[in-house]
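Written out below as structure tokens is the structure these notes cover.
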Amino acid sequence: MPFQILLNILIAVMWMFMSESYTFSTFFSGYLIGILLLLVLQRFIPDAFYMERVIKVFKLMILFTKELILSNIEIVKLVYKPKLDIKPGIFALPTELKSDWEITLLANLISLTPGTLSIAVSDDNSLIYVHAMHLEDTEAAITDIKETFEKAIMEVTR
Amino acid sequence: MTGINIDIIVDIIVSICLLVGTFFIFSTSIGLLRFPDVYTRMHAATKAPTIGITGIMIGAFLFLYVEHGIMSGKLILGLLFVLLTVPVSGHMISRAAHRSDIALWGENVRDDYAEAVKAKENPENTE
């Protein structure tokens, strides 16, 4: 992947020299042309096309923004509810993610999504302890997080 | 004529951004007062302000750009760093609270973390 990005920047710089205008917008259009070239020639370049991964990162960001807005609305609803009928609790979320970077990302995403707040990570990095605002069905909460966030993070990093 | 209209539209958008942002931050402070224990309060303190600050920053950014033609990168950077640091501080505060044995609110609550900590400490004590 670093090789492809380097190639893409090289194409952009060459485009800048060929059109003899050294501004950011020329660099940008050169970069777009480079993406197009790499897309057409991806059979001859080692590794998968790197824009696929960029698109996955964007998908993760869109998912995150959606969940963030939903969680905000949910918490505001709870704040103005006259009677607090919540049932908080802490459950252990088993995770398949391995590296520190992935686990940090997952814990932060959990913290910013509806009704959940990551409290701690176990020593062997296999469990994340999550405080839930309203814990009725633990299994449902675990599968919910695993289906959305863990999957999306794994698609980006692997 | 059209110039005036665009100005009014931008003003309305900026006001909506600022009002939404302030509303969410106001709700956060009410939540901090109303919720029963540290953990639920951390919920209020980590979630609602993110969108509140996003609203205020974007409102300020649009206003500066349209009125004065300034592209303020600092506002966007501030937004980014708030989004990065808020969940981390929420995590650390609630973890510190749990380690200082602050009980959860409610009856018969499920607490996997306390059990795990106990299970880890007990074998050392018995040996």
*Looking at region A:70-158, what helices (runs of 4 or more DSSP H) fall wholly within it and have at least 1 residues that are closer than 21 Å to B:ASP37 by Cβ and more than 9 Å from chain B (Cβ to nearest Cβ)?*
A:138-145
*Take the residues of region B:81-113 that are hydrophobic (A, V, I, L, M, F, W, C), surrounded by 16 or more Cβ atoms within 10 Å (Cβ to Cβ) and farther than 20 Å from A:THR138 by Cβ: which is modelled with the lowest pLDDT?*
B:LEU83
*Out of A:TYR31, A:TYR50, A:TYR22, report the one residue that is over 30 Å from B:PRO49 (Cα atoms), among the hydroxyl-bearing types (Ser, Thr, Tyr) and in contact with a Leu (Cβ under 9 Å, 6 or more places away or on another chain).*
A:TYR50
*Does A:ILE110 satisfy the condition of being closer than 25 Å to A:THR157 by Cβ and either in contact with a Leu (Cβ under 6 Å, 6 or more places away or on another chain) or surrounded by fewer than 19 Cβ atoms within 10 Å (Cβ to Cβ) (or both)?*
no
*Filter region A:136-158 for residues that are among the hydroxyl-bearing types (Ser, Thr, Tyr), more than 19 Å from A:VAL54 (Cβ to Cβ) and at pLDDT below 80 and give the result.*
A:THR138, A:THR148
*Filter region A:84-117 down to the residues that are without any contact (Cβ under 8 Å) to a residue 24 or more places away in the chain and touching a strand residue (DSSP E or B) at 6+ places or on another chain (Cβ under 6 Å), then identify the one that is nearest to B:VAL82 (Cα to Cα).*
A:SER111
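The values are calculated or read from the model by the stated rules, or taken from the named source; none is laboratory data. All of these numbers come straight from a predicted model, not from anything done at the bench. Ideal geometry is used to build each Cβ from the backbone, glycine not excepted, and the neighbour counts take in all protein chains shown.
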